[in-house]
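Inspection log for the structure reproduced underneath, given as structure tokens.
The values are calculated or read from the model by the stated rules, or taken from the named source; none is laboratory data. These figures come from a predicted structure and were not determined experimentally. Heads up, the Cβs are rebuilt from the backbone with ideal geometry, glycines too, and the neighbour counts pull from every protein chain shown. For the accessible areas, the whole protein counts, side chains as well, though only heavy atoms, and no ligand, DNA or RNA atoms are used. Shrake-Rupley method; radii C 1.70, N 1.55, O 1.52, S 1.80 Å.
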Amino acid sequence: MDAADTTVLLDRVRGTADALRRGSAEVDSGRTAPDLGYRLVREAGLLTLLVPREFGGEGLSFLDYTRILETLAVGDGATALGLNMHYAAIGSLCETGGSELPAAADRFRSWIFREVVEHGRMFTSATAETGSGAGIRHIHTTYRSTDDGYMLKGSKSCVSPAGIADHYVIAAREEGTAIADEVSHFVVSKADPGVSFSDPWDGAALRGTRTATMTLSDVAVPRHRLFLGEEGLSLFKLVREPHWTVSGCMGAYLGIAESILRLTVGLLRGDERRRSSPALQADVGRLAVDLRAARALVHSAARLVDEEKGSLEAHTAVHAARYCIAELAPRLALGAVRLCGADALRGPGPLERLLREASLCSVTPTRPEESLEYVGKSTLGHNMFDPQTFDW
């Protein structure tokens with residue numbers, strides 16, 4: 001997509017972000033269901049951003065996608081994070097556009113893109129499980145082969161947007177194995193018999209993601225819904241294309257951080273005495289510099305994914321950026337409270353909500369310490385393309 005088209009798209013996303021902002025407090029409080037945010041995302045045509053142009057999508061680069069997600073998250077971080085789960089599920093497939101695939105993989109790719117482009121279907125990734133997080137080597141969900149496909153059994157935690165997405169990309173190990181050396185992904189529909197969801201997570205923040213536990217009770221999956229038509233690809237893809245698992249959400253967290261800084265500045269501008277204080281100016285300047293530095297690192301990492309996807313440098317960069325933004329958002333939130341004082345937290349205001357949202361940046365996969373471990377191992381010369389290097 002050229003610069004002019006990207007500018008038009010960003011303007012459209014800003015309009016959606018403004019609409020999301022007006023309803024975000026109602027969704028966060030539980031007074032309004034989160035369906036509205038996802039409906040606005042669908043209506044704005046944001047489900048086809050990364051689908052290659054030859055398949056009817058916009059064909060955005062990873063950098064442009066990161067900027068789009070950042071813009072959307074300034075309006076509502078929860079909806080932006082939910083949208084990212086759609087691309088966490090199909091993003092690696094979108095990057096195969098223009099590549100020749102084996103027949104089964106090509107049919108699978110075409111089916112996915114038809115679902116998104118022609119039918120407006122939303123996908124989401126469902127990997128995490130209680131006790132193992134997003135690590136797939138220790139998952140309990142299993143599959144077994146049947147005459148016409150596969151049978152899946154297990155449960156997934158922290159699935160979002162649960163019950164709103166049409167299709168769920170499920171990671172499962174073969175039945176009868178203990179630690180999964182080979183893991184496969186399957187597409188499960190919310191309408192498949194045996195699929196159920198718990199009540200939405202009643203968390204302290206980001207209720208708008210509509211996160212819940214998904215249970216799979218002997219769910220029959222036809223053979224054509226095996227991801228790329230081949231078993232055992234999951235660890236291979238995770239090691240060689242980690243940016244969707246690690247850093248697809250970076251733009252959303254940048255948007256949350258930007259919202260915190262904007263709100264802080266807005267609250268302080270109304271107090272001329274404090275606004276004129278050199279000490280306060282330096283503190284705000286420090287927050288602004290931290291945000292600019294994080295944005296530069298995130299955008300640089302996203303650009304490397306576009307230019308050198310699959311390289312060790314790109315992989316290390318996305319882990320470094322993920323660590324940086326996970327540390328930044330909570331620091332900005334605490335800085336905002338310190339600068340604006342207790343009055344800024346009076347009642348369920350926007351800063352109180354953003355403070356809660358920022359705290360989750362450091363606990364959602366991949367966790368900051370895991371990204372630091374990756375950067376450390378890479379710097380020390382470990383083989384980062386060997387699945388055994390990681391306890392994933």
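Could you say which residue among Glu357, Glu370 is buried (at least 19 other Cβ atoms within 10 Å of the Cβ) and within 23 Å of Ala25 (Cα to Cα)? Criteria check complete, one pass: Glu357.
Restricting the search to region 321-341, which residues are closer than 14 Å to Gly248 by Cα and touching a Ser or Thr at 6+ places or on another chain (Cβ under 7 Å)? Ala321, Arg322, Tyr323, Ala326 - these are the residues of region 321-341 that are closer than 14 Å to Gly248 by Cα and touching a Ser or Thr at 6+ places or on another chain (Cβ under 7 Å).
Is there a residue being within 18 Å of Trp244 (Cβ to Cβ), touching a Cys at 6+ places or on another chain (Cβ under 6 Å), at pLDDT below 95 and assigned to a loop (DSSP other than H, G, I, E, B) anywhere in region 123-131? Explain how you work it out, then say what you get.
Kept after step one, since they are within 18 Å of Trp244 (Cβ to Cβ), are these residues of region 123-131: 123-128.
Filter once more, so that each one left must be touching a Cys at 6+ places or on another chain (Cβ under 6 Å): 128.
Those left that are additionally at pLDDT below 95: 128.
Filter once more, keeping what is assigned to a loop (DSSP other than H, G, I, E, B): 128.
Yes, because at least one residue in region 123-131 is within 18 Å of Trp244 (Cβ to Cβ), touching a Cys at 6+ places or on another chain (Cβ under 6 Å), at pLDDT below 95 and assigned to a loop (DSSP other than H, G, I, E, B).
Examine region 99-112 for a residue that is over 11 Å from the mean Cα position of the chain (by Cα) and within 23 Å of Trp201 (Cα to Cα), and state whether such a residue exists.
Filtering region 99-112 for residues over 11 Å from the mean Cα position of the chain (by Cα) gives 99-112.
From what is left, the residues that are within 23 Å of Trp201 (Cα to Cα) are none.
Looking for residues that are over 11 Å from the mean Cα position of the chain (by Cα) and within 23 Å of Trp201 (Cα to Cα), one finds none in region 99-112, hence no.
When you go through Gly37, Gly82, Gly77 one by one, which is the residue that is in contact (Cβ under 8 Å) with a residue 40 or more places away in the chain, open to solvent by less than 20 Å² (accessible area, probe 1.4 Å) and farther than 18 Å from Arg356 by Cα? Quick ask: steps written out before the conclusion?
Numbers: Gly82 fails: farther than 18 Å from Arg356 by Cα; Gly77 fails: farther than 18 Å from Arg356 by Cα.
Testing whether each residue is in contact (Cβ under 8 Å) with a residue 40 or more places away in the chain, open to solvent by less than 20 Å² (accessible area, probe 1.4 Å) and farther than 18 Å from Arg356 by Cα leaves just Gly37.
Against the condition crowded, with 16+ Cβ neighbours inside 10 Å, over 21 Å from Pro34 (Cβ atoms) and of a type in the set (A, V, I, L, M, F, W, C), how does Leu152 come out, does it pass? The answer is yes for Leu152.
Within the set Thr146, Thr127, the sole residue that is closer than 22 Å to Gly194 by Cα and open to solvent by 30 Å² or more (accessible area, probe 1.4 Å) turns out to be Thr146.
Mind checking which helices (runs of 4 or more DSSP H) fall wholly inside region 222-323 and carry at least 2 residues that are open to solvent by less than 70 Å² (accessible area, probe 1.4 Å)?
Working: elements: 234-240, 243-247, 250-269, 272-275, 278-308.
Those helices (runs of 4 or more DSSP H) span 234-240, 243-247, 250-269, 278-308.
Between Leu233, Leu280, Leu287, the distinction of being in contact (Cβ under 8 Å) with a residue 12 or more places away in the chain and closer than 28 Å to Asp306 by Cβ belongs to Leu233 only.
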